[in-house]
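Participant: Below is the structure I would like to discuss, written out as structure tokens.
No value in this document is a laboratory result; all are computed from the given coordinates. This is a predicted model, so every value here is computed, not measured. For neighbour counting, all protein chains shown are included, and Cβ atoms are generated from backbone atoms with ideal geometry for every residue, glycine included.
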Amino acid sequence: MKSDMVGRPMEIALIEDSLLQARLTIEALRRGEIHHRMTLLRDGEEALAFLFRRGIFARAPTPDLILLDLRLPKVDGLDVLERVKGSRDLRRVPVVITTSSQDELDRLRCQALDVEAYVTKPIDLEKFLTLVRELKRFWRDDVILPNV
């Protein structure tokens, strides 16, 4: 990162129950030199507590980007997505679905909820990084992004 950059790192909420998939995503963002802070949330219940600042997450930051797996324990990813998009405070946060689901109905439901992207696993590194960079139109001016 250049020293003349100003702003703050992008806040990313990674909602993923697979540690392997989480590690691959984290590594992709690191290799893409996207300056960020990430919170890994392992199930839908924990994700909702974080996103809506409940319990131990009362002081959690509002994410600039949500990377959401659809198949989660406790509360399904589609339910998390519906609550995020139904929230006045969170509905403008870009959501990228990352899923191994090939179900066309899942994709259509996500599309109806205005997700920014629907990416199937395994994730192509270059396409993923290009997508994250393209989503910058949603972020506030104080977020640091790499030069493209």
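Participant: How far is it, in nm, from the label point at Lys127 to the one at Leu105 when both lie 7 Å from their Cα along the line to the Cβ?
Facilitator: A separation of 2.4 nm, rounded to one decimal place.
Participant: Separate question: At R0 = 25 Å, how high is the FRET efficiency between Leu20 and Leu90 if r is their beta carbon distance? Nearest 0.05 is fine.
Facilitator: Once rounded, the FRET efficiency stands at 0.35.
Participant: Need one word for the range 10-135: rounded, prolate or oblate. Basis is the Cα gyration tensor (sqrt eigenvalues a ≥ b ≥ c); a/c below 1.5 gives rounded, then a/b vs b/c decides.
Facilitator: rounded
Participant: Once you charge only the Cβ atoms, +1 for Lys and Arg and -1 for Asp and Glu, what is the size of the charge dipole of the range 10-135 about its Cα centre, to the nearest 20 debye?
Facilitator: 400 debye
Participant: To make sure I understand the rule: partners must be aspartates and glutamates, Cα under 17 Å from the Cα of Lys127, and not fewer than 8 residues away in the same chain. Which ones qualify?
Facilitator: Here the aspartates and glutamates satisfying the reach criterion relative to Lys127 are Glu27, Glu33, Glu116.
Participant: So if we plug the beta-carbon distance of Thr120 and Arg53 into 1/(1 + (r/R0)^6) with R0 = 22 Å, what FRET efficiency do we get, rounded to 0.05?
Facilitator: 0.10
Participant: How do 109-121, 88-100 rank on mean C-beta neighbours within 10 Å, highest first?
Facilitator: Per-residue Cβ counts within 10 Å, averaged per peptide and sorted highest first, yield 88-100, 109-121.
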